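Comments concern the structure below.
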Amino acid sequence: MTVEADQVRVESRLASGQIDCPDCSQALRPWGWARPREVRGIAGVLRPRRSRCSTCLITRVLLPVAVLARRAYSVDVIGAVLLARAGGSGHRSIGEQLRVPAATVRGWLRVMSGRLETTRLHLLQVARRAGVDLPVPKALGCPWRDLLAALGAATTAVTGRFGPVGVLGPVTGWQVAAACSGGRLLGPWWPPAGTDVGRNTSRL
């Protein structure tokens, strides 16, 4: 589950019952910690908070919006890879430029290439729900660039509604993507059909 990047604020909201379970909308409570991990692009060691629903008793890891689930790189590093691919670069040159193993870059691009259109539509739904009278981006003749245009529209809509500055500073477009996907931008079975695309956009 995606939450804001400020751990102190997360702790405060969790202790006071202000973070809701996405299944039953009851309050989540502190329930220990997930294992510590190093994430490229994030300073220090990340140790996400674990929570438990007070009603359905399901436990959830609260991931900050700066990271994606099961990825050892921040969402902004992954976003830089996708941006470079939209500019026409191949996985080897992207890996060299960003100091990410070429095989890792290739894996990210392979996953994303299979969901470019569904992700673009998902982001346009976010833009429509969060924004008012925002024009739909024109097709650019490249699925990767079309995805970036949709992300730009979603970012404009979300920051226009909730403010351009998050808890720790300016909100990036890729953090919007992480929030809108619940941290599953590169995860399996995403984006699912018929979900509430706006659920996590307030966690920026």
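Derivation of every value follows stated rules applied to the coordinates shown; laboratory data play no part. Quick caveat, the model's predicted, so the values are computed rather than measured. Neighbour counts run over all protein chains shown; Cβ positions are idealised from the backbone, glycine included.
Contact order normalised by length for the stretch 1-109, with contacts defined as Cα pairs under 8 Å and 6 or more residues apart; what percent is it? Show your work: numbers first, answer last.
Working: 160 pairs, mean separation 21.5, N = 109.
Relative contact order, the stretch 1-109: 20 percent.
Subtracting the Cα-Cα distance from 0.36 nm times the residue separation, let me have the gained length for A43 to R70 in nm, one decimal. Before the final figure, lay out each step's value.
Numbers: separation 27, 0.36 × 27 = 9.72 nm, distance 1.74 nm.
Extending this stretch completely gives an extra 8.0 nm.
Per the Kirkwood formula on distinct C-alpha pairs, the Rh of the stretch 1-131 is how many angstrom? Please report the intermediate quantities before stating the final value.
Working: mean 1/r = 0.0597 Å⁻¹.
Computed over Cα pairs of the stretch 1-131, the Kirkwood hydrodynamic radius comes out at 16.7 Å.
For V111 and W33 in the same chain, what is the full-extension length gain: residue separation times 0.36 nm, less their Cα-Cα distance, in nm? Let's see the in-between values first.
Values: separation 78, 0.36 × 78 = 28.08 nm, distance 2.91 nm.
Fully extending the segment from V111 to W33 adds 25.2 nm.
Would you work out the relative contact order for the stretch 2-64, in percent, from Cα pairs under 8 angstrom that are 6 or more residues apart? Before the final figure, lay out the partial values.
Working: 101 pairs, mean separation 19.2, N = 63.
Relative contact order, the stretch 2-64: 30 percent.
For the chain, what does the helix formula give at 222 nm: sum of -39500 (n - 2.57) over DSSP H segments with n ≥ 4, over the residue count, nearest 500 deg cm²/dmol?
On the way: 7 runs with 84 residues, N = 204.
Helix-only estimate at 222 nm: -13000 deg cm²/dmol.
Place the peptides 45-56, 27-38 in order of packing, highest mean first, counting for every residue the other Cβ atoms within 10 Å and averaging per peptide.
Working: 45-56: 16.1, 27-38: 13.8.
Ranked by mean Cβ neighbours within 10 Å, highest first: 45-56, 27-38.
Residues of the stretch 129-160 with the amide nitrogen closer than 18 Å to a label point 7 Å from the Cα of D20, along Cα-to-Cβ, please.
Under cut-off, by backbone N: 129-130.
Plugging the Kirkwood radius over Cα pairs into Stokes-Einstein for the stretch 54-146, at a temperature of 4 °C and a viscosity of 1.567 mPa s, what D comes out in µm²/s?
84 µm²/s
log10 I(q)/I(0), Debye, Cα-only the stretch 2-64, no solvent, q = 0.14, 0.16, 0.22 Å⁻¹?
-0.38, -0.49, -0.85
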